[in-house]
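K.L.:
Let me begin by handing over the structure; questions about it come next.
The values are calculated or read from the model by the stated rules, or taken from the named source; none is laboratory data. No experiment lies behind these values; they were computed from the predicted model shown. Here Cβ is always computed from backbone atoms with ideal geometry, including for glycine, and neighbour counts include all displayed protein chains.
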Amino acid sequence: MKLNIYDQDIRLIDPICFPIFKTNGKKGVLLIHGFTGSPHDMIYVAQRLFDEGFTVSVPRLPGHGTSHRDFLNSTWKDWVRRSIDAYLDLTNFCDEISVVGLSMGALLAAVVASRFKIRKVVLAAPAFKVTDWRLKFTPLMSLFVHYKEKEPPVFDDPSLNKLAQEYWNKVFIKPAAHLYKLQKVAIKSLEMVESPTLVIVTQKDNSVPLSVLDVIKDHLKAEFKTVVLEKSAHPVTNDVEKELVAEKIAEFLSN
């Protein structure tokens, strides 16, 4: 008799979404992916930093990389908890730690940096402000509907198409309500961040406007430098200028 220990609705992690942890010295970097993303979005930058002599950790946030059902059951507190746990895990290997966050991951990076001694912070396409005005209404909307279907994008990579069927063929309202809550917490957290910070934005971002820099300027306690990209879309760590992004991050963290 074969014992099935998994519920039929439970879906295992796609290999493309596996978390990354590679040791390479006492200087560590925690890299946090974004909303509906996965560690795959950070793999290029993580490899560049590893080659530069950093220990790198790219956790998979709860609800990501498995199924939309998992995503609907995850909360902003789950994402914060996983980010903090990943930081604490790194402290067992590293004497100093920096944090890099993409989009929602930048919000989580701010929360982590506000609570622990972080060497440096990188906020890439940081979602402290978004272009979609509907976000602020998601707490109310989520009481009536959790998501809406939409046409998924099509990729050459079969693994990405699997993810598209779970995450990118829906407008997630309930999880977006948690993103909105996290956004508010993260903006407040900026006031307690003292670490030198690099902010990376792009002119072609359809999700985060360049005016997010005003939000950061108004709330971030620490000094920050800015890089403005010209060609990249929102996922700047995994788009057409990823080499430049990786170079700027490596240069900032190495100095």
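K.L.:
Can you report the number of residues in segment 61-76 which are without any contact (Cβ under 8 Å) to a residue 24 or more places away in the chain and either farther than 27 Å from ALA246 by Cβ or buried (at least 22 other Cβ atoms within 10 Å of the Cβ) (or both)?
P.N.:
Total satisfying the criteria: 1.
K.L.:
Sticking with this one: Can you confirm whether GLU191 is acidic (Asp, Glu), at pLDDT 90 or above and under 24 Å from ASP78 (Cα atoms)?
P.N.:
yes
K.L.:
Out of segment 87-105, which residues are within 13 Å of the chain's Cα centre (by Cα) and either closer than 14 Å to VAL29 by Cβ or loosely packed, with under 15 Cβ neighbours inside 10 Å (or both)?
P.N.:
VAL99, VAL100, GLY101, LEU102, GLY105 - these are the residues of segment 87-105 that are within 13 Å of the chain's Cα centre (by Cα) and either closer than 14 Å to VAL29 by Cβ or loosely packed, with under 15 Cβ neighbours inside 10 Å (or both).
K.L.:
Restricting to segment 128-150, name every residue that is within 18 Å of TRP168 (Cβ to Cβ), of a type outside the set (A, V, I, L, M, F, W, C) and out of contact with any Pro (no Cβ under 9 Å at 6 or more places or on another chain).
P.N.:
Hits for segment 128-150 are ASP132, ARG134, LYS148, GLU149, LYS150.
K.L.:
With the structure loaded, tell me whether ASN206 is touching a His at 6+ places or on another chain (Cβ under 8 Å) and closer than 23 Å to ARG60 by Cα or whether it fails that test.
P.N.:
no
K.L.:
Restricting the search to segment 34-60, which residues are within 21 Å of LEU88 (Cβ to Cβ), aromatic (Phe, Trp, Tyr) and in contact (Cβ under 8 Å) with a residue 40 or more places away in the chain?
P.N.:
PHE54
K.L.:
Same structure again: Among the residues in segment 123-132, are any part of a loop (DSSP other than H, G, I, E, B), in contact (Cβ under 8 Å) with a residue 60 or more places away in the chain, out of contact with any strand residue (DSSP E or B) (no Cβ under 8 Å at 6 or more places or on another chain) and among the charged types (D, E, K, R)?
P.N.:
yes
K.L.:
Go through PHE71, PHE128, PHE50, PHE93 for me and flag whichever is closer than 23 Å to VAL185 by Cα, of a type outside the set (Val, Ile, Thr) and modelled with pLDDT of 95 or more.
P.N.:
Just a single option satisfies the conditions, and that option is PHE128.
K.L.:
With respect to the numbered conditions (1) closer than 22 Å to LEU107 by Cα; (2) surrounded by fewer than 15 Cβ atoms within 10 Å (Cβ to Cβ), which one is the sole condition not fulfilled by VAL145?
P.N.:
(1)
K.L.:
Still on this structure, please answer the following. Look through LYS117, LYS136, LYS129, LYS150 and report the one residue that is basic (Lys, Arg), within 16 Å of VAL199 (Cβ to Cβ) and surrounded by fewer than 20 Cβ atoms within 10 Å (Cβ to Cβ).
P.N.:
Residue meeting the stated conditions: LYS129.
K.L.:
Shifting gears a bit: Residue by residue through segment 230-255, note down the ones that are touching an Asp or Glu at 6+ places or on another chain (Cβ under 7 Å) and either within 13 Å of LEU198 (Cα to Cα) or surrounded by fewer than 18 Cβ atoms within 10 Å (Cβ to Cβ) (or both).
P.N.:
LYS231, ALA233, ALA250, SER254
K.L.:
Determine whether LEU123 is under 20 Å from LYS188 (Cα atoms) and crowded, with 16+ Cβ neighbours inside 10 Å.
P.N.:
Yes, satisfied.
K.L.:
Taking LEU163, is it in contact with a Cys (Cβ under 8 Å, 6 or more places away or on another chain), surrounded by 20 or more Cβ atoms within 10 Å (Cβ to Cβ) and among the hydrophobic types (A, V, I, L, M, F, W, C)?
P.N.:
Taking the combined requirement at face value, the residue satisfies it.
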